[in-house]
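Asker: The structure follows.
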Amino acid sequence: MTWLRRRLSAEEGSALVEFVFVAVVVFVPLIYIVSGFSAVQRGVFASTAAAREAGRAIATAPDPLTGQERALRAAELAVEDQSVDVTDLRLTYAPAGAGCGSAGGYTPTLTPGEEFSVCVTVTVRIPLLPEFVDANTATGQFLVERDRYVDG
């Protein structure tokens, strides 16, 4: 029995060392991965919500200039709501049937019955990565169909 007591007394404090080792090797990377995924998901939510709100804002506008101003402000508010930096926002429009890849050269006229897509692209910044690593983007698209029976 004395050999067992000597062995146990020699291992005192080793559980603390093992716990710290496991915490550093397992938990720190796990927390970083979870925070990275949540940043990406936040960017996806921000772009989708911003496209939807911008589409609703421009669809109800009386003229194209006012509509684009309303759409930009609505997109900014939706992006801020997800705690994403507004400077990382890009709002473009695409004709009906075209994807967001071809967006940018189209300007909605807001004629009755017009269909177009609102595309919002948000740059996703992953925590603890340098500023020049910002190639990750999330794009949200919302199809707007202007009401056919509009006054004016």
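The values are calculated or read from the model by the stated rules, or taken from the named source; none is laboratory data. Source: prediction; values computed, not measured. Quick reminder, even Gly has a Cβ in these numbers, built from the backbone with ideal geometry, and neighbours come from all protein chains shown.
Asker: Among the residues of the stretch 50-93, write down those that are among the small types (Gly, Ala, Ser) and either in a helix (DSSP H, G or I) or surrounded by 15 or more Cβ atoms within 10 Å (Cβ to Cβ) (or both).
Answerer: Ala50, Ala51, Ala54, Gly55, Ala57, Ala59, Ala61, Gly67, Ala71, Ala74, Ala75, Ala78 - these are the residues of the stretch 50-93 that are among the small types (Gly, Ala, Ser) and either in a helix (DSSP H, G or I) or surrounded by 15 or more Cβ atoms within 10 Å (Cβ to Cβ) (or both).
Asker: Separate question: Could you say which residue among Ala74, Ala135 is at pLDDT 95 or above and under 21 Å from Gln41 (Cα atoms)?
Answerer: After ruling out the rest, the residue left standing is Ala74.
Asker: Here's another thing I want to ask about it. Mind checking which pairs have a first residue in the stretch 32-44 that is on the phi < 0 side of the Ramachandran plot and a second that is of a type outside the set (Val, Ile, Thr) and assigned to a helix (DSSP H, G or I), Cβ under 9 Å, 6 or more apart or different chains?
Answerer: Gly43/Asp88
Asker: Take the residues in the stretch 94-109 that are within 23 Å of the chain's Cα centre (by Cα) and not in a strand (DSSP E or B); name whichever of them is surrounded by the most Cβ atoms within 10 Å (Cβ to Cβ).
Answerer: Among those that are within 23 Å of the chain's Cα centre (by Cα) and not in a strand (DSSP E or B), it is Ala103.
Asker: In the stretch 96-145, what residues are without any contact (Cβ under 8 Å) to a residue 24 or more places away in the chain, among the small types (Gly, Ala, Ser) and within 21 Å of Thr66 (Cα to Cα)?
Answerer: Hits for the stretch 96-145 are Ala103, Gly104, Gly105.
Asker: Continuing with this model, one more query. For the stretch 85-103, give me the residue count where each residue is at pLDDT below 90 and either closer than 24 Å to Val40 by Cβ or touching a Gly at 6+ places or on another chain (Cβ under 7 Å) (or both).
Answerer: Matching residues across the stretch 85-103 total 8.
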